[in-house]
């Protein structure tokens, strides 16, 4: 299954070595429906918050602990994306990294956390 891919998102400041290389797999290039895109974006947001919580960042500690629940959301979302969208591990890794970088560039982490937490609660994780 998808194990320890959250660690990849924690390293978003370091671009993937192959991030600039063009991919030929159609699943990686295709746009995703809103629910699948949301799952990717929230997985990245949870990973970012979980890492900040691990580092003891005060603002991140205001959120519920996301180390375990965020990781489980990520794993379940990844499995769902593999099944429904036909994405492989590398495609999910690349998309999560792009989402994390976009969240950081936009400064939108605090803005997207409330809907992501609602998604987490709705997932039953």
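Can you say whether residue 64 is at pLDDT 95 or above and part of a loop (DSSP other than H, G, I, E, B), as far as the supplied structure shows?
Criteria met by residue 64.
State which residue pairs qualify: first residue surrounded by 12 or more Cβ atoms within 10 Å (Cβ to Cβ) and inside segment 47-58, second residue part of a loop (DSSP other than H, G, I, E, B) in any location, beta carbons under 6 Å apart, and separation of 6 or more residues or different chains.
Every condition considered, the pairs that remain are 49/63; 49/66; 50/66.
Quick one: which helices (runs of 4 or more DSSP H) sit completely within segment 67-125 and have at least 2 residues that are under 15 Å from the mean Cα position of the chain (by Cα) and farther than 19 Å from residue 48 by Cβ?
Output list reads 67-85, 89-106.
The values are calculated or read from the model by the stated rules, or taken from the named source; none is laboratory data. Note that this is a predicted model, so its numbers are computed, not measured. Methodologically, a virtual Cβ is constructed for each residue, glycine included, from the backbone with ideal geometry; neighbour enumeration extends over all protein chains shown.
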